[in-house]
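The values are calculated or read from the model by the stated rules, or taken from the named source; none is laboratory data. Not measured: the values here are computed from a predicted model. Protein only, heavy atoms only, side chains kept; ligands, DNA and RNA dropped before computing areas. Shrake-Rupley method; radii C 1.70, N 1.55, O 1.52, S 1.80 Å.
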Amino acid sequence: MEDRADEIQSLQEEFNDVFDFFTYFVQVDEEVYLANRVEVRGSSPPTVVLWDAWIWDERRPHRFVSRAELLTTGNIRIERLAHADEQQDAQEGMRPHSRSELGHR
């Protein structure tokens, strides 16, 4: 039992270490992925295609993949990570405004 807990703890630490390198958090059928590009193709059933991805799976010796296709009949959750928006703003020469700068109190 402790070995499983240690594996999960190690995986959580790895997830935290690589999180900032990715643009999207993806959850498909309760499985977790991080990716820099995501596309959903089709609808019956949909296929989720990930590029430049990290896969949460303690059974895999290598969790980084250049491309993965996930066929599912379950739920799909895709979130663009806030730090990705901040990086894009910085690249475009923009910066987030504080509420006071926008006239909000």
Largest-first principal axis extents, alpha carbons of the stretch 8-50, Å: 36, 20, 9
With every protein chain in place, the stretch 1-54: carbon and sulfur % of accessible area (1.4 Å): 45
Distant-in-sequence amide H partners of ASP52 (H built 1.01 Å from N, under 5 Å): ARG67
